[in-house]
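The values are calculated or read from the model by the stated rules, or taken from the named source; none is laboratory data. These numbers were taken from a predicted model, which means no experiment stands behind them. In this analysis, Cβ positions are derived from the backbone assuming ideal geometry, glycine residues included, and neighbour counts consider all displayed protein chains. Each accessible area value is taken on the protein alone, full model and side chains, heavy atoms only, with ligands, DNA and RNA left out. Shrake-Rupley method; radii C 1.70, N 1.55, O 1.52, S 1.80 Å.
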Amino acid sequence: MGLIMNLIPLPAFSDNYIWLLQHNGRALVVDPGDAQPVLDALAPTGWVLDHILVTHHHADHVGGVAALTAATSATVYGPAHEQLPIDVIPMTQGQGLSWQGVDFEVIDVPGHTAGHIAYWGHPPGMAPVLFCGDTLFSGGCGRLFEGTPAQMLHSLDQLSALPEATQVCCAHEYTLSNLKFALEVDPTNLDLIAYQTHCQTLRAQGMPTLPAHLGLERKINPFLRSRQPAVRASLRHRPPTPMHDADYLAALRQWKNEYR
Ligand code: ZN
Ligand code: FE
């Protein structure tokens, strides 16, 4: 039994990923909105599902949990401050959990939903992993359904401060449409232009663009760059009149909501 852990995105619905970590015949999954892709991964391999991690209450993230707990003896962790249709061990900032010798820490990331949490851990022999649900996407961020721009800015700042080698395990394959918008905001960003070409090649081959690399996201994701002069310059003429840091993020998010 080696030290290697496998990190696998299981496609679900039209554009979700259910992330699966696998080690020594055991498995952990994140945000199983549908049980079937997980059961289909467990059946032929015999992997035993130990843990289910939930980031927020939306159905495309929790919808498969009940069927998985009925079929396995998995322990379910989830956000302490959300109403969920399933029982979870409630988690909030400062708490942690452990799986196969890996310690995961919980980060409160309100914005997309009011009680959204993320999980960060550093498995041996691989780069750290971040399970961020619908808070941070490659080239984008989640819609503000329940939280304020100031909350989302603080949440994104916390994620952006994690080690740059962190593998960002987003819950949706939104990268190409996010990058199209990002280039509208930041058209002269050479890292962004190169990354778009890279992601277009991956998608043309039917490959996921994820996990993303946090260090690169800091260079290309306008929602992690809302304090950068180049990003602020392109927000000049967009309401509301930006004054505070969170107003720039709000203007950026509003522009993205309207962008086609
Ligand atoms: Zn969501
Ligand atoms: Fe979602």
What is the helix-to-structure angle for 36-45, meaning the angle in degrees between its Cα long axis and the longest Cα principal axis of the chain, kept from 0 to 90 and rounded to the nearest 10? 50
If each of residue 7 and residue 48 carries a label point 7 Å out from its Cα toward its Cβ, how far apart are those two points in nm? 2.5
FRET E, pair residue 201, residue 15, Förster distance 22 Å, beta-carbon r, rounded to 0.05: 0.75
Which residues does the label zone of residue 228 cover in the range 186-215, counting backbone N under 11 Å from a point 7 Å along Cα→Cβ? 186-193
Any chance you could run the full-extension gain for residue 24 through residue 157? It's 0.36 nm times the residue separation minus the Cα-Cα distance, nm to one decimal. 44.4 nm
Average accessible area per residue (Å²) across the chain - probe 1.4 Å, nucleic acids and ligands excluded: 43
Report, by chain and number, residues whose modeled amide H sits under 5 Å from the one on residue 78, excluding near sequence neighbours (fewer than 5 apart, same chain). 54, 89, 91
Using a 1.4 Å probe on the protein chains only, how many percent of the accessible area of the chain belongs to carbon and sulfur? 54
What FRET efficiency comes out for the pair residue 194/residue 70, r = Cβ-Cβ distance, R0 = 41 Å, nearest 0.05? 0.35
Segments 219-232, 90-103 sorted - mean Cβ within 10 Å per residue, highest first: 219-232, 90-103
Suppose the chain between residue 126 and residue 245 were pulled fully straight at 0.36 nm per residue; how much longer would it get relative to their current alpha carbon spacing? 39.4 nm
